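Data block below; observations after.
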Amino acid sequence: MAAGLANDDHLNDTQRVDHVGLMAEDVRNDHDVRIDRDLAALAALVVASVSKRFPQLTIRLLVAAEPRVMGDAKRLAQLGEVLLTNACEAARQEVTFETRAGSLGGGMWTITDDGAGVSGEIEERISNPFFTTRHGHLGLGLPLARKLALVHGGTLTAGNRSEGGYRVIVQLPEEPPAQPPVEPLRVGALRCA
């Protein structure tokens, strides 16, 4: 049911809230799959998958280190795919997906694009569920990516680059907390826990 909703351009607000609730519950239920993962290998798989949908772009995969993290490969790949897809949709010609050792131990992904970046007004709202500037999108990419990083004990920061474009940095610890913090997705006055 959730996959069908994600592709529907004509969702009403109730369906959207239900969809977010299903996604949040799905993410929470998968947090206990802890297997040693090669973050660089996951990045390579994500780039190979996403680049097929954007043949007009140059998507560079940079590997400065091959960090290992404990986590769910499916969720980590979903995190990378959401962020890389967003970057590709915003890019003019080039996107870079870099893997390196993280400042928290573990690893770090940095995804950059050469697009226009976002205005200050949009930047304030870009992480809110259902906020989007693109027709046919639900505005759930960054909120979902933040949730996936959080479930793995990591952080996600994003912002404009001084040279133009946008940058998203995900830092993941070597070992996520035993019980990751569960922060509900908030939609205006509604709370999806």
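Please treat every number below as a calculation from the coordinates, not as lab data. What you see is a predicted model, and the numbers here were worked out from it, not measured in a lab. All Cβ positions, even for glycine, are placed from backbone atoms using ideal geometry, and neighbour counts span all protein chains on display.
Table for the structure above
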quantity: Cβ-Cβ FRET estimate between A41 and T157, R0 fixed at 30 Å, reported to 0.05; calculated: 0.80
quantity: Other-chain or far-sequence residues with amide H under 5 Å of R37's (modelled H); calculated: V69, M70, G71
quantity: Estimated vicinal HN-Hα couplings, Hz - the range 105-114 in sequence order (Karplus 6.51, -1.76, 1.60; Gly, Pro = x); calculated: x, x, x, 9, 10, 10, 10, 10, 10, 9
